[in-house]
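Trainee: My structure is below; once you've seen it, I'll send some questions.
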Amino acid sequence: MDTRKSSSCYISTRHLLSNTKFWMISILYAIWYLDRDTPWQGGRQSAFIRHWTMWKYLKDYFPVSLVKTAELDPSWNYLAGFHPHGIGVIGAFTNLCMESMGFSSVFPGICSHLMMLNLWLWFPFFRDYAMSVGESFYSGATHILSRKGGSNLLSIVVGGVQVALNARPGAYKLVLRNRKGFIRLALIHRASLVPIFSFGENDIYDQVESSPGSWLHWFQDRLLKTTRFSILLFYGCGVFQYSFGFMPYCWPITTVVGKPIEVPKTPHPSQEEVDRLHQCYIRELSNLFEAHKLKYNVPKDQHLEFC
């Protein structure tokens, strides 16, 4: 729809509703219309919401912690890969969207954004809440990474729902071998790549086993291919007992931010350039995991598995 048609639709709707008892709808529609481009421009963060006291209680429940292994220069923009997805992406949400861990103090001068699917744009009020805590939509990634002056960190939970299907205690299987879109995005915008691994992310819930060949695996896989979403059958502990419920287990989550990988500006990256940087990223992510796993109760013979 072009600008003239969109404006005509807006004026007609406003005129229709302003002359009825539903005039309030016209006001809400006008607000939405005037604000419709904000999600594509990186959203708008609210320091007030990011500092809510309730986020501190969320952090203390597990507890959640943030570990820095290198400085991030505020004069650059960064694209971070967050691993693994887990069931609730608690590490990413708590550390990158809230100030309960003091992200702005740990990484001074850096503005953190967490990317989410455009689907959530269509949920009234949730869209505005998501933008207020620093969550950005896929279509706004280019706008964030192309900002002059740097100081932005855009994190992407690589693998999405497909990785969540593998989220079980003690599992370290990542869907990454064919996920190269974020690599290409980093090359185009010369955004340094930052590997992030969240230890304990997969341990806060149990998930019903869906081995290959089972009807559940077939159903989840078919639903994922058809809708890009799937159904996760998970369980945790109860509110007043620990045996069964839907509260997450009180298991420590430690999000470790790795050192940035310098990326050359490549407006039109070739497949070879993408593949080379992708392999470098996998290597750095593996090194980050190996360097810290013993500190967070991961067996010595356990390694990351990529598929």
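The values are calculated or read from the model by the stated rules, or taken from the named source; none is laboratory data. The model shown is predicted, which means the values in this text are computed figures rather than measured ones. A quick note on method: Cβ atoms are made from the backbone with ideal geometry, for glycine too, and the neighbour counts reach across all protein chains shown. Only protein heavy atoms, including side chains, enter the accessible area calculation; ligands, DNA and RNA are left aside. Shrake-Rupley method; radii C 1.70, N 1.55, O 1.52, S 1.80 Å.
Trainee: May I have the convex hull volume per residue, in Å³, for the Cα set of the stretch 141-290? Please list the in-between numbers first.
Mentor: Numbers: hull volume 23.2 nm³, N = 150.
Measuring per residue, one finds 155 Å³ for the Cα hull of the stretch 141-290.
Trainee: Moving on. How would you rank 154-164, 283-293, highest first, on the average number of other Cβ atoms within 10 Å across their residues?
Mentor: Working: 154-164: 22.7, 283-293: 17.1.
My ranking of the peptides, most packed first, is 154-164, 283-293.
Trainee: Quick check on my link table: of Lys59/Lys295; Lys59/Lys173; Lys180/Lys265; Lys180/Lys225; Lys148/Lys180; Lys173/Lys225, which ones sit more than 21 Å apart, alpha carbon to alpha carbon? Provide the component values of the computation, followed by the final result.
Mentor: Numbers: Lys59/Lys295 19 Å; Lys59/Lys173 25 Å; Lys180/Lys265 16 Å; Lys180/Lys225 18 Å; Lys148/Lys180 24 Å; Lys173/Lys225 19 Å.
Flagged as over cut-off: Lys59/Lys173; Lys148/Lys180.
Trainee: Go through the stretch 235-240 residue by residue and turn each phi into a ³J(HN,Hα) via Karplus (6.51, -1.76, 1.60, θ = phi - 60°); whole Hz please, and just put x for glycine and proline.
Mentor: Couplings: 7, x, 10, x, 5, 10 Hz.
Trainee: Work out how much length Asp128 to Gln279 would gain on full extension: take 0.36 nm times their residue separation and subtract the Cα-Cα distance, in nm to one decimal. The partial results should precede the final answer.
Mentor: Values: separation 151, 0.36 × 151 = 54.36 nm, distance 3.67 nm.
Full-extension gain reported as 50.7 nm.
Trainee: Take Glu71 and Glu305, extend 7 Å from each Cα along the Cα→Cβ direction, and tell me the distance between the two endpoints in nm.
Mentor: 4.0
Trainee: To the nearest 20 debye, what is the magnitude of the charge dipole of the stretch 211-307 about its Cα centre, counting +1 on the Cβ of each Lys and Arg and -1 on the Cβ of each Asp and Glu? List each step's numbers first, then the result.
Mentor: Details: 10 positive and 9 negative charges, 48 e Å.
In debye, rounded to 20, the stretch 211-307 gives about 240.
Trainee: Identify the chymotrypsin sites (Phe, Trp or Tyr not before Pro) of the stretch 48-89 meeting these criteria: DSSP loop state and at most 16 other C-beta atoms within 10 Å of the C-beta.
Mentor: Listed in order of number, the matching sites are Trp52.
Trainee: Next up: Under a crude label model (7 Å from the Cα following the beta-carbon direction), how far is Cys250 from Ser270 in nanometres?
Mentor: 5.7
Trainee: Then there's this: Tell me, what is the FRET efficiency for Leu216 and Ser243 to the nearest 0.05, using R0 = 25 angstrom and their Cβ-Cβ distance as r? Don't skip to the answer; put the middle values down first.
Mentor: Numbers: r = 23 Å, r/R0 = 0.91.
For R0 = 25 Å, the calculated efficiency reads 0.65.
Trainee: Measuring with a 1.4 Å probe in the full set of protein chains, what accessible area per residue, in whole Å², belongs to the stretch 182-307? Provide the component values of the computation, followed by the final result.
Mentor: Working: 7040 Å² over 126 residues.
Result: 56 Å² of accessible area for each residue.
Trainee: Could you calculate the contour length gain from Tyr61 to Arg147, that is, 0.36 nm times the residue separation minus the distance between their Cα atoms, to one decimal place in nm?
Mentor: Numbers: separation 86, 0.36 × 86 = 30.96 nm, distance 3.61 nm.
Difference between extended and current length: 27.3 nm.
Trainee: To continue, here is another question. Which residues among the stretch 251-269 fall inside the zone where the amide N is under 16 Å from a point 7 Å beyond the Cα of Val106, along Cα→Cβ?
Mentor: From the stretch 251-269, the list is 252-260.
Trainee: On to the next question. Can you tell me, using C-alpha contacts under 8 Å and at least 6 residues apart, the relative contact order of the stretch 121-241 as a whole percent? Display every interim value, and only then the final one.
Mentor: Details: 77 pairs, mean separation 26.1, N = 121.
Relative contact order of the stretch 121-241: 22 percent.
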